[in-house]
Amino acid sequence: MVYELALILRPEVPDNQIINFQKLVNDCLKEYQGEPLLEDDWGAIELAQKLRCGVKRGRFLYFIFRAPTNTNVELLRRLSINESVVRSMIANLGEDREATNIVKNF
């Protein structure tokens, strides 16, 4: 299956830690026979409203990847352990055979 992962990190996260988050996602994908298709750092963006934790601005990272379903559980587990992650979301984008078209549309 093809999935997208969106992460909101605390805005004060340094660039070297951003690289570590990208590595964390890619390492988890490799471990579970997944494949990264697209990776993007959207930078720090003002949120429409404050989150419960008081965060009004966040650093956004976006990924599209192909992987077995059980990869998502492990990815979310690893991300939930880190205090720099404010929010994370994984959504199903489609079947493996549609991966090329999905990435082209982004």
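Nothing in this text is a laboratory measurement; each read-out follows from the coordinates by a stated rule. Just so you know, these numbers come straight off a predicted model, no measurement behind them. A quick note on method: Cβ atoms are made from the backbone with ideal geometry, for glycine too, and the neighbour counts reach across all protein chains shown.
Pairs of Cα atoms nearer than 8 Å and 6+ residues apart set the relative contact order; for region 40-87 it is 30 percent.
Rounded to the nearest whole Hz, the Karplus-based 3J(HN,Hα) values (6.51 cos²θ - 1.76 cosθ + 1.60, θ = phi - 60°) of region 40-46 follow the sequence 8, 9, 7, x, 8, 10, 6, with x at glycine and proline. Per residue, the average separation of C-alpha pairs within less than 8 Å and at least 6 apart gives the chain a relative contact order of 45 percent. With a ≥ b ≥ c the root eigenvalues of the C-alpha gyration tensor of region 42-102, is it rounded (a/c under 1.5), prolate (a/b larger than b/c) or oblate? Oblate. Extending 7 Å from the Cα toward the beta-carbon at both Asn82 and Leu47 defines two label points whose distance is 1.7 nm. Straight-distance candidates among the aspartates and glutamates for linking to Lys56, with alpha-carbon spacing under 15 Å and chain neighbours fewer than 8 residues away dropped: Glu12, Glu46.
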